Amino acid sequence: MPEVMTYDCKKVTVAANGRVLTGFAEDGVVVLTHNNDIVTPSVGAKGDVAYSENADNSGNAALPFMSTSASLTYLRDLCAKRKPIRLSISDANESDAIKVNEEKCRILKMPDAPRNKEQTTVTVNVFIPDLNYR
């Protein structure tokens, strides 16, 4: 029998400096991405291969919010202070549960402030100096 998994985005929680963020857009809660490959292969003229381990473990968290989200005001305030934040992400789904809890993160730029006919998506990008999944 095939394996069937269920995903529930309500089981994903994101917090900045301990405050739980709300008002995520319809396209998701968070996308975590490492900035570089963990290894760089090199192939010599005769096919010999060497691997260079990359020490850069930094990453990025893209957080899509509805433009009406109250969390945007909070994140704009944190960004304006130009100070590091603690970013915590918890996914309690059984199929691929992860936890990320990193210090010294920074919001990369002031979140956009669209004023449109209807609500839109505002993505907040957070730099994570040492992205580790637990």
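The values are calculated or read from the model by the stated rules, or taken from the named source; none is laboratory data. All values reported here derive from a predicted model rather than from experimental measurement. Positions of Cβ are generated from backbone atoms using ideal geometry, with glycine treated the same way; all protein chains shown enter the neighbour counts.
Of the candidates Asn132, Asn116, Asn93, the single residue that is assigned to a loop (DSSP other than H, G, I, E, B) and either of a type in the set (Lys, Arg) or under 17 Å from Gly23 (Cβ atoms) (or both) is Asn116.
Scanning the stretch 74-104 for residues that are within 13 Å of Leu32 (Cα to Cα) and either at pLDDT 95 or above or not aliphatic (A, V, I, L, M) (or both) returns Leu87, Ser88, Ile89, Ser90, Asp91, Lys99, Val100, Asn101, Glu102. Pairs linking a residue in the stretch 39-54 that is in contact (Cβ under 8 Å) with a residue 24 or more places away in the chain to a residue that is assigned to a loop (DSSP other than H, G, I, E, B), with Cβ atoms under 8 Å and 6 or more positions apart or on different chains, do not occur. Name the residues in the stretch 17-35 that are assigned to a loop (DSSP other than H, G, I, E, B) and either among the charged types (D, E, K, R) or within 13 Å of the chain's Cα centre (by Cα) (or both), would you? Across the stretch 17-35, the qualifying residues are Leu21, Glu26, Asp27, Gly28, Val29, Val30, Asn35. Selection of the stretch 9-24 for residues being of a type outside the set (D, E, K, R) and either surrounded by fewer than 15 Cβ atoms within 10 Å (Cβ to Cβ) or in contact with a Leu (Cβ under 9 Å, 6 or more places away or on another chain) (or both) yields Cys9, Thr13, Val14, Ala15, Ala16, Asn17, Gly18, Val20, Leu21, Thr22, Gly23, Phe24. A search for C-beta distances below 7 Å between a residue of the stretch 11-24 that is of a type in the set (Ser, Thr, Tyr) and any residue that is crowded, with 18+ Cβ neighbours inside 10 Å and assigned to a loop (DSSP other than H, G, I, E, B), counting only pairs 6+ apart in sequence or on different chains, returns Thr22/Ser69. Restricted to the stretch 36-89, the set of strands (runs of 3 or more DSSP E) holding at least 3 residues that are exposed (fewer than 13 other Cβ atoms within 10 Å of the Cβ) and not hydrophobic (A, V, I, L, M, F, W, C) comprises 39-43, 49-53. Among the residues of this structure, Glu3 does not count as one that is of a type in the set (D, E, K, R), without any contact (Cβ under 8 Å) to a residue 60 or more places away in the chain and part of a strand (DSSP E or B).
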